[in-house]
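First up is the structure itself, then whatever we jot down about it.
Just so it is clear, none of the values below were taken in a lab; they were calculated from the coordinates. As the structure is a computational prediction, the values presented were derived from the model and not from experiment. Cβ placement follows ideal geometry from the backbone for every residue including glycine, while neighbour counts extend to all protein chains displayed.
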Amino acid sequence: MTGYVIRRLVGMVPVVLGTTLLIFAAVYALPGDPIKALAGPGRVLSPSVEDALRERFHLDQPLWSQYGHYLGGLVRGDLGIDLQGQEVSALVARAWPYTLQLGLTAWAIMAVVGISLGTFAGMRQGGTVDWVVLTGTTVVVGVPYFVVAYVAQILLGVNLGWFPTSGVREGWPASYLLPAAVLALFGIPELVRLTRASIIENRYADYVDTAIAKGLPHRMIVVRHILRNSLVPVVSVLGLSLGYMVSGTVLIEGIFNIPGLGYVVFNGISQQNGPVVVGVCSLLVLVYLMINLLVDIVYGLLDPRISLAGRR
């Protein structure tokens with residue numbers, strides 16, 4: 001186990017280097033001058049001030065040199081300073097709790113609803129429940145989620161008053177349930193279909209027939225034999241979805257006015273504040289990779305037949 005984890009951590013190094021370089025290059029290749037944008041519309045900085053700011057943020061150096069300075073700071077745990085003089089780590093520290101609460105709430109909703117519906121559909125293959133679940137997931141996939149977000153906000157928040165429409169003043173869970181449900185809604189169809197297919201495959205396995213022949217209760221057969229073995233492939237999707245839920249909240253946080261990391265990235269792009277965008281995105285890449293590693297470890301624990309030592 002230890003050797004596998006070490007190999008995976010070493011393998012993450014080129015991935016981190018490649019992704020951060022792409023993010024860095026993409027952000028700094030955007031049109032416009034961040035120093036002029038810092039001055040604001042209608043204002044002009046003196047040449048000496050511009051030169052001082054460019055030197056401070058290494059904008060007077062080639063791209064590879066700028067990336068070298070950034071990478072050196074990243075190795076030390078320093079995400080840099082934004083163009084307004086604030087530490088990016090401080091911005092992350094303020095915004096991270098909101099994104100984490102939103103992402104984990106959405107992930108929990110997706111896991112519970114997706115696995116439950118997939119299990120019900122798989123155990124009733126070809127029946128009414130199976131048809132309703134498959135039809136409903138197909139409809140969900142075809143609707144843009146920002147449309148669902150606005151409709152849910154107006155219908156459930158404004159018209160019915162069941163949930164707050166924006167902000168986080170009500171705290172958890174009230175302020176997060178509606179945006180989290182919208183975010184989870186579009187991960188549910190894939191999870192439902194995968195769980196359903198895995199349930200159908202395992203319910204006719206020999207070990208299930210043996211359990212039935214022994215006279216075990218139906219609930220025990222479903223939970224201990226069918227569902228547990230069916231969750232092995234589902235765990236991978238859940239792990240990847242957790243990374244997506246945490247890192248893919250930009251639009252949802254914008255619609256529901258949640259001051260999380262997505263909101264910070266959105267503002268950073270609009271203000272051409274490159275250090276903020278690069279720093280937050282790099283952090284999200286690291287989080288995503290660590291979640292994948294944890295998923296692989298859990299994958300092996302769920303199915304002891306999988307040798308973690310032999311996996312690459």
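Observations
- Burial ordering of 236, 270, 198, fewest other beta-carbon atoms within 10 Å first: 270, 236, 198
- The chain: calculated mean residue ellipticity at 222 nm from DSSP helix runs of at least 4, using -39500 (n - 2.57): -22500 deg cm²/dmol
- Cα-projected label distance for residue 86 with residue 17, points at 7 Å along beta-carbon direction, nm: 3.3
- Region 198-290: relative contact order in percent, alpha carbon pairs under 8 Å with at least 6 residues between: 20
- The chain: DSSP helices with Cα axial extent of at least 27 Å and average Kyte-Doolittle hydropathy no lower than -0.5: 2-28, 88-123, 228-247, 274-302
- Residues whose amide H comes within less than 5 Å of that of residue 81, counting only those at least five positions distant or on another chain, are 88 (H built at 1.01 Å from N in the peptide plane).
- Fewest-first ranking of 204, 70, using other Cβ atoms within 10 Å as the exposure measure: 204, 70
- Cα extents for region 205-244 along the principal axes, largest to smallest and rounded to whole angstrom: 42, 17, 7.
- Taking 219, 193, 224 and counting other C-beta atoms within 10 Å, the order from fewest to most: 219, 224, 193
- Size estimate for the chain follows the Kirkwood approach: the inverse of mean 1/r over distinct Cα pairs works out to 22.4 Å.
- Length-normalised contact order of region 88-310 in % [C-alpha pairs under 8 Å, at least 6 apart]: 29
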